[in-house]
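The values are calculated or read from the model by the stated rules, or taken from the named source; none is laboratory data. The shown structure was predicted, so the numbers you read here are calculated from the model rather than taken from an experiment. No Cβ is skipped: glycine too gets one built from the backbone with ideal geometry, and neighbour counts run over all protein chains shown. Surface accessibility is based on the protein's heavy atoms, side chains included, excluding ligands, DNA and RNA. Shrake-Rupley method; radii C 1.70, N 1.55, O 1.52, S 1.80 Å.
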Amino acid sequence: MSTARNLTNPLLTAYELGPISLPNRVLMAPMTRLRADRDGVPGDLMVSYYAQRAGAGLIVSEGITPSTDGRQYLTEPGLHTEAQVEGWRRVTTAVHEAGGRIFAQIMHAGRGGHPDNRPDHGVPTAPSAVGRTSLVHTLDGKVEPVVPRAMTLEEVERTVEDHAEAARAAVRAGFDGVEIHGANGYLLHQFLADNTNLRTDRYGGDVAGRIRFAVEVAEATADAIGADRVGIRLSPGNPEAEMVESDPTPVYRSLLAALSPLGLAYLHVADVRDHPALDEARRHWNGTLVGNTGEHVETTQEGAAALIADGRADLVSIGRPYISNPDVVERIADGFPWEPIAEKDFHYTSGPHGYVDYPDRFSRRADLVAPLS
């Protein structure tokens, strides 16, 4: 099949992300895949998985727990032991040798955790003792959720430092930077949302209180490794994981106003059905904006390119197409469609099937992207 090269596609133009030169504007979105071992250590399969996808302008890893308390799944990777750091160093080395760049997403589960998914079998902690109703995925099947324990002030402050320590560990492991996960029902989002933060101390109550934890995490992480190597992901108005935000606008405008002076590498936002999250971010964020066409909305090559062409985002995150298309960028450049997502039953299991066994139909070539201007 003969195809025309499509290097005029805005997704294939270069971009300077602080100290990092990106050859294209495609960011591989973080996606939970659960292939670490029970100690949270990445192995050979994860090395192969990420290296296969090094054609992205920037890879953001799956969510990585900064502590035992932050774990959501038993085979979720971590960045709080030296064995985990060493495992990730093998991953980052492979990505860099394949010509790629990779950030670590730091993700604390908060109330999404479960004793069956923790090596210490501890009860998860969260802003308030408000549990979820949905079943929890474990290696033994779905189980009933547990009500988390409300964090003490000391635990809140320690968790801020856990994020900073995980960022330092990420740098030791060879990551080019980190993304703080403040979206989709995880811990930072739980502090921001109406139904999960019932605190009456300085981390709750009014808008200033509810954004405080997210701001302190961003400040501590930026101080740890440099603000230009720290991104943050937010999902204003996203009801994922039973989150309720009756009026996201004042909360997130205040949050962006507090984060903007830090000089972070980027803000990563997905559109949602009932709130103009991406357009709000474009108006109120003064730095690099990573856009996504939306949670549970099919990402297409045309839709992703339009975000850049229309000025709604500077970079575009692409998630699920990367599961069955290790060569997402190469297919854009060569005018080939993305293969549909296949074998969903293997997304969150162990082993290579549905993980590293998709064909990479094009060898990577340096001329697949526009040169730096």
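What to note about this one:
- Within segment 41-59, residues that are under 12 Å from E330 (Cα atoms) and open to solvent by less than 30 Å² (accessible area, probe 1.4 Å) reach partners that are among the polar types (S, T, N, Q) and at pLDDT 95 or above with beta carbons closer than 6 Å, at six or more positions or on different chains, in the pairs G57/N24.
- Y15 meets all of the listed conditions (1) open to solvent by 20 Å² or more (accessible area, probe 1.4 Å); (2) closer than 21 Å to N117 by Cβ; (3) in contact with a strand residue (DSSP E or B) (Cβ under 9 Å, 6 or more places away or on another chain) but one, namely (2).
- Taking the criterion of being over 16 Å from D37 (Cβ atoms), open to solvent by 10 Å² or more (accessible area, probe 1.4 Å) and of a type outside the set (V, I, T), the residues of segment 73-110 that qualify are A94, H96, E97, A98, G99, R101.
Here is a yes/no grid of residues against (1) touching a strand residue (DSSP E or B) at 6+ places or on another chain (Cβ under 8 Å); (2) over 20 Å from A166 (Cα atoms); (3) in a helix (DSSP H, G or I):
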position: L11; (1), (2), (3): yes, yes, yes
position: D37; (1), (2), (3): no, no, no
position: M46; (1), (2), (3): no, no, yes
position: D69; (1), (2), (3): yes, no, no
position: T75; (1), (2), (3): no, no, no
position: H108; (1), (2), (3): yes, no, no
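- Among residues of segment 18-33, those that are of a type in the set (A, V, I, L, M, F, W, C) and open to solvent by 10 Å² or more (accessible area, probe 1.4 Å), counted: 2
- Count - residues of segment 49-93 that are out of contact with any helix residue (DSSP H, G or I) (no Cβ under 7 Å at 6 or more places or on another chain), within 25 Å of L11 (Cα to Cα) and hydroxyl-bearing (S, T, Y): 3
- Here the helices (runs of 4 or more DSSP H) wholly within segment 239-347 that include at least 1 residues being surrounded by fewer than 15 Cβ atoms within 10 Å (Cβ to Cβ) and among the acidic types (D, E) are 277-284, 301-309.
- Taking the criterion of being of a type outside the set (G, A, S), open to solvent by 20 Å² or more (accessible area, probe 1.4 Å), touching a helix residue (DSSP H, G or I) at 6+ places or on another chain (Cβ under 6 Å) and more than 21 Å from G112 (Cβ to Cβ), the only residue of segment 216-233 that qualifies is I225.
- Single unsatisfied condition, R172 versus (1) closer than 18 Å to T65 by Cβ; (2) in contact with a strand residue (DSSP E or B) (Cβ under 9 Å, 6 or more places away or on another chain): (2)
- Considering V217, V230, V207, V269, the condition of being β-branched (V, I, T), out of contact with any Pro (no Cβ under 7 Å at 6 or more places or on another chain), modelled with pLDDT of 95 or more and over 22 Å from R168 (Cβ atoms) is satisfied by V269 alone.
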